[in-house]
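First comes the structure, then the notes that go with it.
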Amino acid sequence: MPITIQNPAQPDGIDLWANVLNRMMPYKHNDQDLDQRLIALVEAIVQIPPDEVEQREAAIDRFLGMIYCLPNLYFPGKKETPREQFLRRQFPEWDREAVRDRILTEVVIPKAKAKIHEFYPTGKYLAPTLGNWVNRKLRLYYKCLDAYQNRRPDAALDNDQDGANERLEWEIFAANPTLSDLEDIIAQDQAKQRPEGMSAPLFAEVAQGIANVLGQTPTQRFITYVKDDPQGVLRAKSPPNYPACTYQVLIQRIFLNQDDKTAVAKEFSIPYQNLNPHYNRHVCPAFIQRLILEEGFFDPQDYDKLRHYIDQDPLGLLQNCYKPQMPKVNAQFLAQQRLRIYREADPVPFEDIWNSLIQQQAMAPSRLDCDQLEKFWVKTAFPLVAQEALRVLAYDLEV
Amino acid sequence: MTITVEQFDNAISLELPQDAQEWARLFAAKQGDVATGKQVYLNTLAVYALHHYLAQQSIESDLEQSQSWYPHALSAPNAADLLVPGVGRVECRPVLLQAATAFEIPDTAWDDRVAYVAIGIEERLDRVYLLGYLPVRSPDNLMQSIPFTQLLPMADLPDHLHFLQEGLTWLESDDEVAVQVRELQEVYSLTHFVAQLETAYNETEDVFQDSRIADCLSGAASEMGLTAREAVLKSPATFGLKAEDDLSEEDMEDMVGILAEDVLDKLRQIWGNRRRRVT
């Protein structure tokens, strides 16, 4: 149904807002309040003659202000995609809501004002269609993800044009990705991650240097401890039949120096298929036992991080490691009882843990005795906790 | 001689969603050099492809619990595993068609996997080809390069995963034989060990099955540097022995042989007479 344009045309002969209103009119009689409100606001704009600039700008601002109220507007954490979850886990301290608000106010809303004539609603309702347009076409969603990923909101705010060029290149590639173009795209992406003017080989060298330094984050005291091994515990242990390959050597080589396990296996003539599980099942637990039970090797925030990871168990690995048919007897629960990072005093004795589980009716006494509980912790749960702890700490080092 | 997709009668063509490229790009950008970035990119596509294919077959897989989803220099830049809950980790290796001459599996990928899938990649990256899969091999039969002719049809992978799930459910149970097996072998993950048993069971004539399973059991002990005697005596009560029992090495090997027969009986109950289709 054509509408009556009550205000004179703009200097170029077309009132863009009238066209916008025209496209919105099919939604005028649907049952959504928000749709009615949006249409009324655009009608208000159109009714003000373009030469009454101030009034018209105020009316336009009122309409644009409604964008903040759109129910499906991208909001961090509302309904996270796997990619968002991944980024959030990487940068937990990043204030994503504040970044999103800045991007919305400083980039996306002005862009909406400039490009509103490109808005063609097609959905069943007007408001969600407008929300999708802002999220996708005006790229609120992608700008936020780029900003979280780079941890540089200014890149999205101040350098929008360059960002658009980069995205365009990516979009062309993504629409028709080919093996031949892959190295160029990766080189560009990696270049964005390194400081301006630094060559790729130099960056790789510096990155390795930083990684090596970060690999020693467990403080010099800890490194000295491993090297000196004052109680001789790490020197005394080795995989069966390979006495030269002590736990001390393995920790120095694999954890501190980040040497490749296959290279270490070759050097000591141990089959890799033997060394790797042994490292995971025996060396890591012994190692973490030292890290966690001996005081002062990590900073308090590292212990906080580890506690947080165990409590949150974001991947569900610890809670999923449980005795068959006894889900409460799991690696997370036992870690909270047994690890020194949770307790100033000694770990809770297994007998007490066992009694407490019986009282909670988490298991029947006949199904699992105290020795079996201890065995489950030592053989299954603690190796998993230890591997996860190493993974978490090592991954955070790289970030 | 290099290969083309036309050489694989049973290959499955799969269009990848845009998400796959986005994840691959994200991970590749975090690597220190282009070569590693490219490897990570292709690994991510391969892992995502299998995840996508399994979803189409209504089989759940978990990207977030796979090592390949955290590719960084300090842990596993060349990881390409996909966790199938209740089954184990499937290795997804990208194979560059027109360039590859054999199915290459790095040393680091042999351990703790339940199968290895070859994902063919051509010039266009938005489409891949699931060429086939390889079951776990016995530890004395590991090779880095495997002829493509040894791949099994991809369409059989869902059944294979189902077998492994059934086997794992048993091995994790309180069944007396399962408990003895768990005590005897500690070196491998249970998922990987079930896959070894499955290979021994499925690739062997009936009369040799028990000796292959005994090899698996004593092989796991010897991987830990233990003789059968030492492995059994780690937890004598589980095998109905007392610490002071003085049994010879031969006696202990007999005990492992008897355990292998018990395991075989259990596996026959679980897996019946099913055999893999061989190409």
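Please verify whether segment B:68-80 includes one or more residues that are modelled with pLDDT of 90 or more and away from chain A (no Cβ under 13 Å).
So far as segment B:68-80 goes, yes, one or more of its residues are modelled with pLDDT of 90 or more and away from chain A (no Cβ under 13 Å).
Can you find a residue that is surrounded by fewer than 22 Cβ atoms within 10 Å (Cβ to Cβ), touching a strand residue (DSSP E or B) at 6+ places or on another chain (Cβ under 9 Å) and among the polar types (S, T, N, Q) anywhere in segment B:161-176?
yes
Considering every residue within segment B:7-18, establish whether at least one is more than 13 Å from chain A (Cβ to nearest Cβ), surrounded by fewer than 20 Cβ atoms within 10 Å (Cβ to Cβ), at pLDDT below 90 and not in a helix (DSSP H, G or I).
yes
State whether one or more residues within segment B:44-60 are in contact with a Phe, Trp or Tyr (Cβ under 7 Å, 6 or more places away or on another chain) and more than 10 Å from every other protein chain (Cβ to nearest Cβ).
Scanning segment B:44-60, I find at least one residue that is in contact with a Phe, Trp or Tyr (Cβ under 7 Å, 6 or more places away or on another chain) and more than 10 Å from every other protein chain (Cβ to nearest Cβ), so the answer is yes.
Would you check if there is a residue in segment A:281-301 being within 12 Å of chain B (Cβ to nearest Cβ) and modelled with pLDDT of 65 or more?
Yes - at least one qualifying residue is present in segment A:281-301.
Hey, among B:Q31, B:Q65, which residue is buried (at least 16 other Cβ atoms within 10 Å of the Cβ), facing chain A (nearest Cβ under 9 Å), touching a residue at least 40 places away in the same chain (Cβ under 8 Å) and under 27 Å from A:E388 (Cβ atoms)?
Residue meeting the stated conditions: B:Q31.
So, in segment A:349-378, exactly how many residues are farther than 18 Å from B:E172 by Cβ, assigned to a loop (DSSP other than H, G, I, E, B) and not small (G, A, S)?
5
If A:R343 satisfies all but one of (1) surrounded by 16 or more Cβ atoms within 10 Å (Cβ to Cβ); (2) without any contact (Cβ under 8 Å) to a residue 24 or more places away in the chain, what's the number of the condition it fails?
Only one criterion in (1) surrounded by 16 or more Cβ atoms within 10 Å (Cβ to Cβ); (2) without any contact (Cβ under 8 Å) to a residue 24 or more places away in the chain is unmet by A:R343, namely (1).
Do the conditions hold for B:S138, that is, is it touching an Asp or Glu at 6+ places or on another chain (Cβ under 6 Å), at pLDDT below 90 and more than 10 Å from chain A (Cβ to nearest Cβ)?
Taking the combined requirement at face value, the residue does not satisfy it.
Out of the residues in segment A:312-326 meeting the condition of being surrounded by fewer than 17 Cβ atoms within 10 Å (Cβ to Cβ) and either aromatic (F, W, Y) or in contact (Cβ under 8 Å) with a residue 24 or more places away in the chain (or both), tell me which one is farthest from the other protein chains (Cβ to nearest Cβ).
Of everything passing the filter in segment A:312-326, A:M326 is farthest from the other protein chains (Cβ to nearest Cβ).
Is at least one residue of segment B:109-124 among the hydroxyl-bearing types (S, T, Y) and at pLDDT below 90?
no
Can you name every residue in segment B:4-41 that is within 25 Å of the chain's Cα centre (by Cα) and aliphatic (A, V, I, L, M)?
B:V5, B:A11, B:I12, B:L14, B:L16, B:A20, B:A24, B:V40 - these are the residues of segment B:4-41 that are within 25 Å of the chain's Cα centre (by Cα) and aliphatic (A, V, I, L, M).
Need the failing condition index for B:P85 against (1) within 11 Å of chain A (Cβ to nearest Cβ); (2) within 21 Å of A:L182 (Cα to Cα); (3) at pLDDT 85 or above, just the number.
With respect to (1) within 11 Å of chain A (Cβ to nearest Cβ); (2) within 21 Å of A:L182 (Cα to Cα); (3) at pLDDT 85 or above, B:P85 is out only on (2).
Taking segment A:117-131 only, how many residues are assigned to a helix (DSSP H, G or I), touching a residue at least 60 places away in the same chain (Cβ under 8 Å) and surrounded by 19 or more Cβ atoms within 10 Å (Cβ to Cβ)?
Total meeting the criteria: 4.
Of the residues that make up segment B:179-190, is at least one at pLDDT 80 or above, more than 13 Å from every other protein chain (Cβ to nearest Cβ) and assigned to a helix (DSSP H, G or I)?
Yes.
Counting just the residues of segment B:106-131 that are more than 12 Å from chain A (Cβ to nearest Cβ) and farther than 16 Å from B:L45 by Cα, which one comes out surrounded by the fewest Cβ atoms within 10 Å (Cβ to Cβ)?
This residue is B:A115.
The values are calculated or read from the model by the stated rules, or taken from the named source; none is laboratory data. The structure displayed is predicted, hence computed values, not measured ones. Glycine gets a Cβ as well: all are built from the backbone with ideal geometry, and neighbour counts include every protein chain shown.
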